[in-house]
Amino acid sequence: MSEILPWITLVVCAAAALARIPSTLRGVNPALFFIFLLATAAAVLSIEQFYVAIDSSLGGINIAHVVLRLIVFAAIYLIAVRVTKGFGAPDAHRMIAGRPGLAMLAVFSVALVAIFLMMDPSSSSVRFRDAGSASTRNAALLPFYWAAARGYLAYVSIALLPALLRTVKERLPPLVRTGAALMAAGAVTTVAGLWLEFAPPQLLPAAPAVNNGAVVFYTSGLVMVWLARVNAAKRRGHGTSSTER
């Protein structure tokens, strides 16, 4: 099952990206296409066959994993900026795209790269699962690496969650509320993914399902909001819907 989940995530993200191409070529909402494209790239790097091939071209020492984490940082940042603007959440927007948010993004990004550079080189291993066994230094540093990798995602998700839950309760089109609910589920599972990195070993097998689930929830939520916008545009040829704000 753990081998199937990344493929499901890839199909969902790639389908969403492909569906956005016509609108993007017309110059309509290109940011949404790039979010789905980043999510697709992250899904590709989560599949062992692709990961090993790409990492081998980069030296075979798991540089691809750092690239993956930075891609995920970029995707969650763009999602958060879009959601906070679209759902009218200025406080959350400041926490993510304002000076405090950009400082957090910089700190976690620098910490991630710095910790990786402090570790001893290890052979290509999807999800970085064999890095800890390469040396005692790696075993000691690996929890800090995962704290940096998951910490920023959890920070953004916690900042987003109140706005998402508020939107679910508002009198908005069902697709908008469904999208907000799915993204709220993505936020919760993202925070759970951070907790699982430090949970008892017997819970670690659940981590791939939780982390892939977070990607699918966020992506599906964005698709729902996009469909709500499409429906609103069909119903009227003017005005601004809740998803266009």
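Some notes on this structure:
- Of the set (1) open to solvent by less than 10 Å² (accessible area, probe 1.4 Å); (2) at pLDDT 95 or above, all apply to residue 35 but (2).
- In the range 46-105, counting only helices (runs of 4 or more DSSP H) that sit wholly within it, the ones holding 2 or more residues that are closer than 29 Å to residue 170 by Cβ span 63-86, 90-97.
- Of residues in the range 77-101 being open to solvent by 10 Å² or more (accessible area, probe 1.4 Å) and touching a Phe, Trp or Tyr at 6+ places or on another chain (Cβ under 9 Å), the one nearest to residue 180 (Cα to Cα): 79
- Qualifying positions in the range 117-144 - touching a Leu at 6+ places or on another chain (Cβ under 7 Å) and outside any helix (DSSP H, G or I): 119
- Residue match in the range 54-63 (condition: under 20 Å from residue 123 (Cβ atoms), touching a Pro at 6+ places or on another chain (Cβ under 7 Å) and modelled with pLDDT of 90 or more): yes
- Residues being at pLDDT below 95, in a helix (DSSP H, G or I), open to solvent by less than 20 Å² (accessible area, probe 1.4 Å) and among the aliphatic types (A, V, I, L, M) - total across the range 181-199: 1
- Verdict on residue 175 being in a helix (DSSP H, G or I) and buried (at least 19 other Cβ atoms within 10 Å of the Cβ): yes
- Of the residues making up the range 110-150, just one is crowded, with 17+ Cβ neighbours inside 10 Å, basic (Lys, Arg) and free of Cβ contacts under 8 Å to residues at least 60 places away in the same chain, namely 150.
- Count - residues of the range 120-172 that are touching a helix residue (DSSP H, G or I) at 6+ places or on another chain (Cβ under 7 Å) and among the small types (Gly, Ala, Ser): 13
- Yes/no for residue 228 being modelled with pLDDT under 95 and part of a helix (DSSP H, G or I): yes
- Residue match in the range 200-212 (condition: touching a Gly at 6+ places or on another chain (Cβ under 6 Å), open to solvent by less than 10 Å² (accessible area, probe 1.4 Å) and part of a helix (DSSP H, G or I)): no
- Residues that are over 16 Å from residue 142 (Cβ atoms) and among the small types (Gly, Ala, Ser), drawn from the range 188-205: 192
The values are calculated or read from the model by the stated rules, or taken from the named source; none is laboratory data. What you are looking at is a predicted structure, and each value in this text was computed from that prediction instead of being measured. Using ideal geometry, Cβ is built from the backbone for each residue, glycine included, and neighbour counts are taken over all protein chains shown. In case anyone asks, the SASA skips ligands and DNA or RNA and just uses the protein heavy atoms, side chains included. Shrake-Rupley method; radii C 1.70, N 1.55, O 1.52, S 1.80 Å.
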